[in-house]
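Asker: A single structure is presented below for examination.
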Amino acid sequence: MSTDIEARLRDALAARADLVRPEDLEPLAPVVELRPRLSRQSPWVLLATAAVVLLVLGIVFQGVGGRERSDRLAPEPDEKIELQLPTDVGRDWKADDISTPARLDLDGDGTKEKVVFLGEPTKNFDGRTRLQTTLSSTGQEAFGIAELGTTIGTSALPPIDADGDGDQELVLLRDEAYSGPVTGGFPIVFDLRDGLLVEAVPDEPGLLIRGELVEEGSATEYYDKVRVGDFWIEDGTLHSSRSVASYARGAEMRFSPKAYVVDAWTWTLDDNGALRHGETECLVQSYDSTRECGLDPTDTFTYLPPERASYVGLGETVDLTDEAGYGFTARIEADADPSLVVNGFGASIRQPLEVPQPMLGTVQPTSIFFDGASLVITSATDPSVVQVFTQNDDRMVLMDPVGEIDLAADDGQQTWLTDNGAVLSALPADDGAWELWQWVMVSRTEIAALPWATVCIDDVDDPTAITAC
Amino acid sequence: MAEAVDITELYAAHRLSLVRLAILLVDDLASAEDVVQDAFAALTRRPGAIKDPSKALAYLRVSVVNASRSALRRRRTARAYSPPHDTAPPTPEDTAVLAEEHRQVIVALHTLAPRQREVLVLRYWSNLSEAEIAAALQISQGTVKSTASRALVALEKAMTTHMSSGTDGKEQR
């Protein structure tokens, strides 16, 4: 340690501090002019006597006391947490070929350490991982033990400095099946403490989970409701979020809006090794962006149902083959009773229809079934009729609607096929709003509707004219 | 009322020194004054927080350090941060220019991690002992020692980098 730098620092600090003179300080303002923040423009003079100062101070303090952020000023009592020190095992474990060593400055000396990941050999590659490095500042070995769910292909997430002490903490991903379509897991933070890489203990681990978190009590026979959790690292800081609303999940799909409102937290590491989340912030997240909430944050249904698909009648053919010839054709024929005739996927099928003056949808309902032919039938004389057929080898199966709502478009309910292959139902709700549902296949012979959103429909006769309420 | 009188006396006696401490941590006068104001406000809301009057200054110092850290964190995390007082007319303090040799040190100081900066300021400006710094920052004495050591190395490195680059951004005031 250089004494010269200490002397220079001491002199510079004194010089910088001395630039602030008593006359530079903001004078105390009269009570009527007090605002949450001291104003640079305040023209008021210093109050002269201690008694007046006392009076003003009392009101100043009372006035600012309601500000939320001041509550963080007072030191909080230490909470007891139990850190688990790593056991010195796995010196003979090996790094696999697809693991990538981490490089980060664990000891804060400005030089990055190389941390290698040695996997515990187990039959299912699900053992522990030894984190091992040599500290550049001391030349001593440091190690930690992690349980990451797998020992295959270990690599680190970007490092963080969660305690602001100038060195970096190692962040690894623990794989967990918290999700369907979303990759799940949560971050594990390792801090260098007394020569060991010690796992930090989150104060609320659930808030760090990335994936779909089932809302308790939401499960129905065909779907449950999930909140969407996520975490990310930005500029050396760990953040996490969870959607405010929950969304239906079923048939390996989740019906969430394109952009949704989340509660978000910034995480810091305290001196006891506890990873603590900060105050809840409001963000709007989509798959490719994050922004701060406005005054009235709501989920954004920018992916609204497109146009209603058209229908054709008797004798007209719907050609649903692609340029490569993959697909099928369909038409309605009538000798005596009308039939649905489907050609494609290696079959020629004739399916009797028990529908007066049937109409055939010109779009395949691929959101229900696409591994073969599928079609929607309605009636020219009875618009409440909606039927869905799916191909099962050499026959077309009339799908049985099950679940909470009917498929039929009656009693105020609207059901329609969209030109991108979804079958939607809208049911009148309170205050002129509508509940929007989407139909999915839940078994080889059954379809069920999953709730999507509450929307407003400007024109009841044209349910595609949907807006967010 | 005795507690209020004590706070008033504390305010009169220590406001300037606490603002000076805060400005070394946040580096602008308006924010430093806000930080100190908040520290006193917190104290009035918790009159029982100080049982021993002789420890009032230490308590306020902790509050100032914590509030400064929060202010910096808010700045860092605010994506479109703009200083809250940027429309103010220049004060005499604003126009006083730091000598070049000191300015280099202060610029380098503000490149350090928050805790490193806090340790250096408390040690080399507040002249606190390692034990007092440990208590103020709620860390161990060992951490104080190692943080200070590493911070000085980092400071020297930052100054060297700064000098060799030949540019420093804006003038320190």
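Asker: Pull up the range A:130-139, narrow it to residues that are touching a Phe, Trp or Tyr at 6+ places or on another chain (Cβ under 8 Å) and not hydrophobic (A, V, I, L, M, F, W, C), then point me to the one that is surrounded by the fewest Cβ atoms within 10 Å (Cβ to Cβ).
Answerer: Among residues in the range A:130-139 that are touching a Phe, Trp or Tyr at 6+ places or on another chain (Cβ under 8 Å) and not hydrophobic (A, V, I, L, M, F, W, C), the one surrounded by the fewest Cβ atoms within 10 Å (Cβ to Cβ) is A:Gln132.
Asker: Something else now. Taking only the range A:271-296 into account, find how many residues are open to solvent by less than 40 Å² (accessible area, probe 1.4 Å) and outside any loop (DSSP other than H, G, I, E, B).
Answerer: Result for the range A:271-296: 6.
Asker: What's the number of the condition A:Gly195 fails, among (1) at pLDDT 95 or above; (2) surrounded by fewer than 21 Cβ atoms within 10 Å (Cβ to Cβ); (3) under 27 Å from B:Leu112 (Cβ atoms); (4) not basic (Lys, Arg)?
Answerer: Unmet for A:Gly195, out of (1) at pLDDT 95 or above; (2) surrounded by fewer than 21 Cβ atoms within 10 Å (Cβ to Cβ); (3) under 27 Å from B:Leu112 (Cβ atoms); (4) not basic (Lys, Arg): (1).
Asker: Taking the condition crowded, with 23+ Cβ neighbours inside 10 Å and at pLDDT below 90, does A:Asp165 pass?
Answerer: Numbers: crowded, with 23+ Cβ neighbours inside 10 Å: yes; at pLDDT below 90: yes.
Yes, satisfied.
Asker: Quick one: A:Asp107 ticks every box in (1) of a type in the set (D, E, K, R); (2) touching a residue at least 60 places away in the same chain (Cβ under 8 Å); (3) not assigned by TED's automatic domain parsing to the domain that holds A:Val262 except a single one, so which number is it?
Answerer: Result: A:Asp107 fails condition (3) only.
Asker: So, A:Gln364, is that one of a type in the set (S, T, N, Q) and either part of a strand (DSSP E or B) or without any contact (Cβ under 8 Å) to a residue 12 or more places away in the chain (or both) or not? Write out each step before concluding.
Answerer: Working: of a type in the set (S, T, N, Q): yes; either part of a strand (DSSP E or B) or without any contact (Cβ under 8 Å) to a residue 12 or more places away in the chain (or both): no.
So A:Gln364 does not fit the description; no.
Asker: In addition: For A:Pro86, state whether it is modelled with pLDDT under 90, within 25 Å of A:Gly236 (Cα to Cα) and in a loop (DSSP other than H, G, I, E, B).
Answerer: Details: modelled with pLDDT under 90: no; within 25 Å of A:Gly236 (Cα to Cα): yes; in a loop (DSSP other than H, G, I, E, B): yes.
Answer is no for this residue.
Asker: Also, I was wondering about something else. State all residues of the range A:380-412 that are without any contact (Cβ under 8 Å) to a residue 24 or more places away in the chain and open to solvent by less than 60 Å² (accessible area, probe 1.4 Å); if no residue qualifies, say none.
Answerer: Residue satisfying the conditions is A:Gly412 alone.
Asker: Can you confirm whether A:Gly127 is open to solvent by less than 30 Å² (accessible area, probe 1.4 Å) and assigned by TED's automatic domain parsing to the domain that holds A:Asp235?
Answerer: Working: open to solvent by less than 30 Å² (accessible area, probe 1.4 Å): yes; assigned by TED's automatic domain parsing to the domain that holds A:Asp235: yes.
Considered against the rule, which asks whether it is open to solvent by less than 30 Å² (accessible area, probe 1.4 Å) and assigned by TED's automatic domain parsing to the domain that holds A:Asp235, A:Gly127 comes out as yes.
Asker: Let me ask something additional. Do we have any residue at all in the range A:321-331 that's open to solvent by less than 20 Å² (accessible area, probe 1.4 Å), in a loop (DSSP other than H, G, I, E, B) and at negative phi? Lay out the reasoning, then the answer.
Answerer: Kept after step one, since they are open to solvent by less than 20 Å² (accessible area, probe 1.4 Å), are these residues of the range A:321-331: A:327-328, A:330.
Those still in the list that are in a loop (DSSP other than H, G, I, E, B) too: A:327.
Among the residues that remain, those that are also at negative phi are: none.
No, because not a single residue in the range A:321-331 is open to solvent by less than 20 Å² (accessible area, probe 1.4 Å), in a loop (DSSP other than H, G, I, E, B) and at negative phi.
Asker: Here's a check for you: in the range A:100-117, which residue that is open to solvent by 20 Å² or more (accessible area, probe 1.4 Å) and more than 26 Å from B:Leu152 (Cβ to Cβ) is farthest from the other protein chains (Cβ to nearest Cβ)?
Answerer: Step by step, filter the range A:100-117, then rank; the result is A:Thr100.
Asker: Listed residues A:Val116, A:Val226; which is in contact with a strand residue (DSSP E or B) (Cβ under 6 Å, 6 or more places away or on another chain) and either closer than 30 Å to A:Met441 by Cα or hydroxyl-bearing (Ser, Thr, Tyr) (or both)? Before you say what the answer is, go through the steps one by one.
Answerer: On the way: A:Val116 fails: either closer than 30 Å to A:Met441 by Cα or hydroxyl-bearing (Ser, Thr, Tyr) (or both).
Selected residue: A:Val226, the only one of A:Val116, A:Val226 that is in contact with a strand residue (DSSP E or B) (Cβ under 6 Å, 6 or more places away or on another chain) and either closer than 30 Å to A:Met441 by Cα or hydroxyl-bearing (Ser, Thr, Tyr) (or both).
Asker: Go through the range A:189-248 and count every residue that is acidic (Asp, Glu) and under 24 Å from A:Thr290 (Cα atoms).
Answerer: Of all residues in the range A:189-248, those acidic (Asp, Glu) come to A:191, A:194, A:199, A:203-204, A:212, A:215-216, A:221, A:224, A:230, A:234-235.
Filter again for under 24 Å from A:Thr290 (Cα atoms), leaving A:204, A:212, A:215, A:230, A:234-235.
Residues that pass the stated criteria total 6.
The values are calculated or read from the model by the stated rules, or taken from the named source; none is laboratory data. Note that the structure is predicted; figures quoted are calculated from it, not measured. Backbone-built Cβ (ideal geometry, glycine too); neighbour counts: all protein chains shown. Just the protein is used for accessible areas: all its heavy atoms, side chains included, with ligands, DNA and RNA removed. Shrake-Rupley method; radii C 1.70, N 1.55, O 1.52, S 1.80 Å.
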